[in-house]
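A short write-up of the structure that comes next.
The values are calculated or read from the model by the stated rules, or taken from the named source; none is laboratory data. Fair warning: this is a prediction, and the values are worked out from it, not measured in the lab. Cβ atoms come from the backbone with ideal geometry, glycine included; neighbour counts cover every protein chain shown. We work out accessible area using only protein heavy atoms, side chains counted, and drop any ligands, DNA or RNA first. Shrake-Rupley method; radii C 1.70, N 1.55, O 1.52, S 1.80 Å.
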Amino acid sequence: MRVLVTGGAGFLGSHLCDRLLDDGHEVIALDNLFTGAKRNIRHLLDRKDFEFLRHDVVNPVLLEVDWVFNLACPASPVHYQYNPVKTIKTSVLGTLHMLGLAKRVKARILQASTSEVYGDPQEHPQSETYWGHVNPIGPRSCYDEGKRVAESLMMDYHRQNKVDIRIARIFNTYGPRMAVGDGRVASNFIVQGLKGERLTVYGDGSQTRSFCYVSDLVDGLVRLMNYKGEDAAEPVNLGTTDELSMNDLVALLGRILGRDLEVEYGPLPDNDPVRRRPNISRARERLGWEPGVPLSEGLGKTVEYFREATS
Ligand code: NAD
Ligand code: UDP
């Protein structure tokens, strides 16, 4: 297959490119390098089956491919709130352009959606049938609502134009190649811990998330793209069911680093979800997918990555 990965120089995108090349596909990574970096794909640049295209998905692009993974979009609250209008354009125009491309060349397209479509969820754990609890006018809405419109566009192109779509609702994922200054909790805590700084816990640290290691997540994306059931267009949650609080995350990281970590509590960002854990029965049943990397092991690998990246 010829595969287009938008956001291919980012954290998830670069690992996905590695996996697709390992599977024998030809890969075009498209990225505007806003939060991604060439160093994430430097090891691929000399390969004949890999191409990097610096391009912004808010503008259309003409390419001939069989599959599109649409990952282009800043994922850290710090970065998606930096220029919220641009974030909305990236999700809405970017997805529109990729769907136009998929329609023209009859490619299958997978949209990287997010657990944020559930907002601050009132159903727990979150199943794909839950419609969510999103503030449409808050500081997170540029991302949440942008991704919700992207899902609507995917379904409408599917119903109206028979485009072959997949929607992955990705829950918190971490691992090597997160940017040092990414701003998400896993990278912040690890970098702060390695530098001997106090860990910045927002709120009282009781809010929960469920963290998935990047290789598991990428495997889920590839399985979903390959899935051919009647129900293939329906959204699928990808994440782990191991839910823990941010205080628990500090304690676990302390055990991995072998010392007690000091904490500095700060204000909880507006609309920060109180708890989050996916119901992954759909991914289990349809894709035979099960995340396998325990948090302690994945965090250990991520610590090693950041030890090098920050030295
Ligand atoms: P990331 O910020 O590392 O990667 C996003 C990539 O998209 C970057 O390389 C960035 O430069 C690129 N990009 C941003 N705007 C662009 C534009 N207008 N045109 C072209 N490229 C653009 O984040 P990530 O964690 O790798 O996330 C990848 C995708 O997965 C995103 O769509 C994100 O919303 C989704 N997602 C990630 C998580 C997670 O926990 N990692 C959770 C849910 C959803
Ligand atoms: N968080 C924190 N300290 C940080 C960064 C984030 O306590 O330095 C909290 C944040 O408020 C949220 C959780 O960690 O409750 C996960 O945040 P992240 O930005 O990683 O992802 P998201 O909020 O999108 O799930």
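When a 1.4 Å probe is rolled over the protein heavy atoms, the share of accessible surface on segment 187-231 that falls to carbon and sulfur comes to 41 percent.
Computed from the C-beta positions of K301 and L93 and an R0 of 41 Å, the FRET efficiency is 0.70 to the nearest 0.05. For segment 77-186, carbon and sulfur atoms together expose 56% of the accessible surface, with a 1.4 angstrom probe and every protein chain in place.
What is the percent carbon and sulfur in the accessible area of segment 4-76, measuring with a 1.4 Å probe over the protein chains and ignoring ligands? The nonpolar share, carbon plus sulfur, comes to 45 percent. Taking every protein chain into account, the accessible area of segment 1-100 amounts to 45 square angstrom per residue (probe 1.4 Å). Solvent-accessible surface of segment 147-236, taken per residue with a 1.4 Å probe and all protein chains present: 37 Å². Placing a label point 7 Å from the Cα of R255 along the Cα-to-Cβ direction, the residues of segment 215-247 whose backbone N falls under 20 Å of that point are 240-247. Helical runs (DSSP H, four residues minimum) scored at -39500 (n - 2.57) apiece and divided by the length of the chain put the mean residue ellipticity at 222 nm at -12000 deg cm²/dmol.
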